[in-house]
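Single-structure report; data block below.
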Amino acid sequence: MIKLNDGTRLRTWTTGSALSPRTPVVMLHGGPGVPDYLAPVAALIDDLCLVHRYDQRGTGGSRWEGEHTVARHVEDLASLLDTWGHDRAVLIGHSFGTTLAAYFLLAHPERVAGLIQIAGPFLGPWRDADRATQRARRTDEQQARLAELEALGSRTDAEEIEYLTLSWSTDHADRNQAWAWALESARTLRPINYTMNSRLNAAAKADPLESHMDELRERLPPGAVIIGGAGDSRPADALRRAARDLACEVVIIPNAGHNPWLEAPDQFGTALRTAVQNQPPATSPFPG
C-alpha cells in the first residue's frame, strides 16, 4: 500500500528485479472502474525489467470515494513514480489504460521513457463498428437478457455476474472460450466502480485524444508501439489509424481479441517482449 499526498492508499505490486539495467515498467489497467488484472501480462516480461502495477483509486484494494478526473489519476501516477524512486518509466497501458497513459504523456512527457499501448487507444469513428460486432456475437436471447439486466435499478450479486459476463463475452474472438473467460472476469473484477467509469469516460469524450494528436506525436518517445487483436470487437483499423497519426509501429495479432494474452499467448508474448526490449533506457533524452 502506498499513501498519496491526499491520504489515499493505493494497492500496488512490484515484480522483476530492481537490478535490471532496463527502464522500469508501470502497467495501467483498463476499465475504468475495475481493479488491476494485468498480472499475467507482467509475468511475460518481469524477467526483463522491474514491473509495477496498481489498483487505480476507487478500485480493488485502493478504497476511495470522491470526484474522478483524468487530472487526478495522472497526478496519482506521478506520485507513485516519486514513491518508487523513478524519474522516468516505460508505460504499458491496456484498454482505458492506454488513454490514461496518453494523458500522462501530455502532462509529463519528461517522465515517460517509453510507451507500449495494448488494445487502444481507439481513435476516429469506431463505436458503431464495435456495437455491431458485439450485437453479432450475442444471440437474441442474450441481447434481450442484457437489456433487461441493464434496466434494473439494482442487481443481485448473481445478476451482476450475469450482466458483466454478457457484456464482456463479446471482447473475445474465440467464441468457444469467450463465455468462460468473461465469467471468470465477472467473478473476480467486482465490485465495479460505475461512478468512476461514467465520469472518466465522460471526461475522455469531453477532451478527446484526437484533439491532441499533434502534441502526442511530438512527445511520443522512440520505440512506441500499439499492440492489438484482429478479433477484438473494437475495430483494428482504429488502432492502425492511431498508429498512422502518431507515426509509431502497430502490431495486430490474428485471432486475438481485446485481451490478446488469453487467445494468442505466444504471439502476444513475443510482441510484448520485443517491444520492451526496444524501449530506450531511462537516461536517454526525451524528444522535444
Magnitude of the Cβ-charge dipole (Lys and Arg +1, Asp and Glu -1) of segment 18-74 about the Cα centre, nearest 20 debye, reported as 100 debye
Would you list the P(r) distribution for the chain, with all Cα-Cα distances sorted into 10 Å bins from 0 and each bin expressed as a whole %?
6, 29, 37, 22, 5, 0
Taking a ≥ b ≥ c as the square roots of the Cα gyration tensor eigenvalues, with a/c under 1.5 meaning rounded and otherwise prolate when a/b beats b/c, else oblate, which class fits segment 4-122?
rounded
Net charge of neighbours whose Cβ lies under 15 Å from the Cβ of ARG190, counting Lys and Arg as +1 and Asp and Glu as -1
-4
Suppose every K and R has +1 on its Cβ and every D and E has -1 on its Cβ; what is the size of the dipole of segment 181-288 about the Cα centre, in Debye to the nearest 20?
260 debye
Using a 1.4 Å probe on the protein heavy atoms, what percent of the accessible area of segment 82-135 belongs to carbon and sulfur?
50 percent
What share of the DSSP beta bridges in the chain is antiparallel, in percent to the nearest 5?
25 percent
Anisotropy class of segment 24-87 from Cα gyration tensor, a/c 1.5 cut:
oblate
Treating the beta-carbon of each Lys and Arg as +1 and of each Asp and Glu as -1, no other charges, what is the dipole magnitude of the chain about its Cα centre, to the nearest 20 debye?
200 debye
Rounded to the nearest whole Å², what accessible area per residue is found for the chain with the 1.4 Å probe?
44 Å²
Between the DSSP loop rule and a limit of at most 12 other Cβ atoms within 10 Å, which GluC sites (Glu not before Pro) in segment 49-153 are left?
GLU65, GLU67
Identify, among GLY124, PRO254, PHE104, the residue whose Cα sits farthest towards the positive end of the charge dipole of the chain, taking +1 on the Cβ of Lys and Arg and -1 on the Cβ of Asp and Glu, with the dipole about the Cα centre.
PHE104
Carbon and sulfur: what percent of segment 170-251's accessible surface (1.4 Å probe)?
47 percent
At what distance in angstrom do the alpha carbon centres of segment 1-77 and segment 209-288 lie from each other?
20 Å
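The values are calculated or read from the model by the stated rules, or taken from the named source; none is laboratory data. Note that the structure is a prediction, hence the values are computed from the model and not measured. Cβ coordinates were reconstructed from backbone atoms using ideal geometry, including for glycine residues, and neighbour counts include every protein chain displayed. Only protein heavy atoms, including side chains, enter the accessible area calculation; ligands, DNA and RNA are left aside. Shrake-Rupley method; radii C 1.70, N 1.55, O 1.52, S 1.80 Å.
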